[in-house]
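Please treat every number below as a calculation from the coordinates, not as lab data. Small disclaimer: the values here were computed from a predicted structure and weren't measured. For neighbour counting, all protein chains shown are included, and Cβ atoms are generated from backbone atoms with ideal geometry for every residue, glycine included.
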Amino acid sequence: MKCAICKTGETQPGETTVVLNRGNTSVIIKNVPADICDTCGEYYLSDSITEHLLTRAEEAIAKGVEVEILRYAA
C-alpha cells in the first residue's frame, strides 16, 4: 500500500517498536508486526494488533506501572 504520510513510499511487512503514553505511564512494546513504509518509516498496525496493544497498555495503567517494556506476543 502507498504510505499516507510521505505519499511516495510503499509499505512492507516488518516489525517495529510502539510506545504508548498516558498520564504517568509509558508502555514500550517491541517486535510488533506492522506494515512499514520503505521511505519514511511510518508504520501501520492492523485493527487486531492495535486492540491487543491497547489492552496491554490498559493492564499496565491499572497496575500503576510507570514504565513497562514488553516483547509483542499474540
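Go through the range 1-15 residue by residue and tally those that are assigned to a strand (DSSP E or B) and either among the β-branched types (Val, Ile, Thr) or under 29 Å from GLU59 (Cβ atoms) (or both). Full working, then the answer.
Start the filter on the range 1-15 by keeping residues that are assigned to a strand (DSSP E or B), which leaves 2, 10-15.
With the extra rule that they be either among the β-branched types (Val, Ile, Thr) or under 29 Å from GLU59 (Cβ atoms) (or both), the set shrinks to 11, 13-15.
Summing the residues that are assigned to a strand (DSSP E or B) and either among the β-branched types (Val, Ile, Thr) or under 29 Å from GLU59 (Cβ atoms) (or both) in the range 1-15 gives 4.
The rows are residues; the columns are (1) out of contact with any Ser or Thr (no Cβ under 8 Å at 6 or more places or on another chain); (2) of a type in the set (D, E, K, R).
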site: GLY23; (1), (2): yes, no
site: LYS30; (1), (2): no, yes
site: ALA34; (1), (2): no, no
site: CYS37; (1), (2): no, no
site: LEU45; (1), (2): yes, no
site: ILE49; (1), (2): yes, no
site: LEU54; (1), (2): yes, no
site: ALA57; (1), (2): no, no
site: GLU68; (1), (2): no, yes
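Could you go through the range 16-27 and let me know if any residue there is part of a loop (DSSP other than H, G, I, E, B), of a type outside the set (Asp, Glu) and touching a helix residue (DSSP H, G or I) at 6+ places or on another chain (Cβ under 8 Å). Yes - at least one qualifying residue is present in the range 16-27.
Contact map, the range 60-74: first residue in contact (Cβ under 8 Å) with a residue 24 or more places away in the chain and in a loop (DSSP other than H, G, I, E, B), second residue buried (at least 16 other Cβ atoms within 10 Å of the Cβ) and not small (Gly, Ala, Ser), Cβ cut-off under 6 Å, separation 6 or more or different chains; pairs are VAL65/THR25; TYR72/ILE29; TYR72/VAL32.
Restricting THR50, THR39 to residues that are surrounded by 13 or more Cβ atoms within 10 Å (Cβ to Cβ), in a helix (DSSP H, G or I) and β-branched (Val, Ile, Thr) narrows the list to THR50.
Residue count for the range 28-69 satisfying the condition of being in contact with a helix residue (DSSP H, G or I) (Cβ under 9 Å, 6 or more places away or on another chain) and closer than 18 Å to CYS3 by Cα: 3.
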